[in-house]
Amino acid sequence: MATRRPKGRPDRSPPRGSLLGSQVLLRPPTPEDSRLLYDWLNQPEKVSPWDRFEVESFSTTEAAIHHASEDAASLAPRFLVVLRKDQSPIGMVGYYHSYPALDTTDIWYSIMVTSERGKGRGREAVGLLVDYLFSHTRTERVGATSDEENAASVGLLRSLRFQEEGHLRQALFHHGRWHNVVIYGKTRREWEGEADH
Ligand SMILES: CC(C)(COP(=O)(O)OP(=O)(O)OC[C@H]1O[C@@H](n2cnc3c(N)ncnc32)[C@H](O)[C@@H]1OP(=O)(O)O)[C@@H](O)C(=O)NCCC(=O)NCCS
């Protein structure tokens, strides 16, 4: 039997498959989110101020989101970042099998509502994603690459105690020039060690 909600009170219960933090939750995108994600992915200065950018059609975006679960290398958003207080979407995160010859998973993240940046939302969202990957997949290492000049991304990874592992020189072309990239990683053992504290 369907339960009835009192009139005028929205259902704030987290959707199935959500990852719950104190300020934000991560939830898998639904088909209804495709338009929002398409709009976000076509805002180069918000989604990739420190990354390369390619315009995608709506149908390509929709198909990529729909088929992401079947493709370990997909760069499509895997979760929406939603504010718990009003369920409004503020960003997105993803993960992908980053190097065909290696067994490692890389993550990416973007807080798209710029007024929500700098409030700890990104840190919490990425922390939830890392916890999810170590608890629900067999990955031994979670990595991230960032333009060396992307202070917010580097700050977030350091704040989550990712280890700096190396640099790739002139590895990323965007905004008319080549950029150096820094590689960060966290091993399963490091992640397990954090849980002990
Ligand atoms: C990177 C990004 C997700 C960070 O999210 P955020 O919600 O603004 O970051 P938070 O408020 O959670 O801050 C996390 C840490 O980063 C630090 N930080 C955040 N912005 C910073 C900035 N502009 N410069 C330096 N450090 C910064 C914070 O001080 C905090 O560290 P602390 O916990 O030691 O205090 C957000 O800036 C963003 O979406 N940027 C555009 C997309 C992008 O560049 N994504 C990364 C490429 S995959």
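Tabulated data
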quantity: Gaussian network model of the chain, Cα within-10 Å springs - most flexible of Ala101, Ala64, Ala152; calculated: Ala101
quantity: Karplus-derived HN-Hα couplings along the range 138-153 (A = 6.51, B = -1.76, C = 1.60, θ = phi - 60°), whole Hz, x at Gly and Pro; calculated: 9, 4, 9, 8, 10, x, 8, 10, 9, 3, 4, 8, 7, 4, 5, 5
quantity: In degrees, nearest ten, helix 121-136 long axis to first principal axis of the chain (Cα); calculated: 90 degrees
quantity: Neighbour cut-off at most 10 other Cβ (10 Å), DSSP loop, trypsin sites (Lys or Arg not before Pro), the range 155-197; calculated: none
quantity: Local net charge near Ser48, Cβ-Cβ under 11 Å (Lys/Arg +1, Asp/Glu -1); calculated: -2
quantity: Folded to 0 to 90 degrees: helix 58-67 orientation relative to the chain principal axis, Cα; calculated: 90 degrees
quantity: Most fluctuating residue given options Asp106, Asp147, Asp71, as computed from a GNM of the chain linking Cα atoms under 10 Å; calculated: Asp71
quantity: Mean ellipticity per residue at 222 nm, deg cm²/dmol - from DSSP H runs of n ≥ 4 across the chain, formula -39500 (n - 2.57); calculated: -8000 deg cm²/dmol
quantity: Separation of the Ala63 and Glu192 label points, Cα + 7 Å toward Cβ, nm; calculated: 4.2 nm
quantity: Cβ-Cβ FRET estimate between Glu56 and Arg177, R0 fixed at 22 Å, reported to 0.05; calculated: 0.40
quantity: Relative contact order (%) - criterion: Cα under 8 Å, at least six apart; region: the chain; calculated: 17 percent
quantity: Long-range amide H partners of Glu148 with built H, under 5 Å; calculated: Asn180, Val181, Val182
quantity: Separation of the Gln87 and Leu102 label points, Cα + 7 Å toward Cβ, nm; calculated: 4.0 nm
quantity: Neighbour-count order for Val182, Val142, fewest beta carbons within 10 angstrom listed first; calculated: Val182, Val142
quantity: Given charges at Cβ of Lys, Arg, Asp, Glu: the chain dipole, positive-most of Ala64, Leu25, Pro100; calculated: Leu25
quantity: The chain: most fluctuating residue of Gln170, Gln43, Gln23 per GNM, C-alpha cutoff 10 Å; calculated: Gln170
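Just so you know, all these numbers are worked out from the coordinates, no wet-lab data involved. All values derive from a computational prediction rather than experimental measurement. Cβ sites come from the backbone with ideal geometry, for glycine too, and all protein chains shown count toward neighbours.
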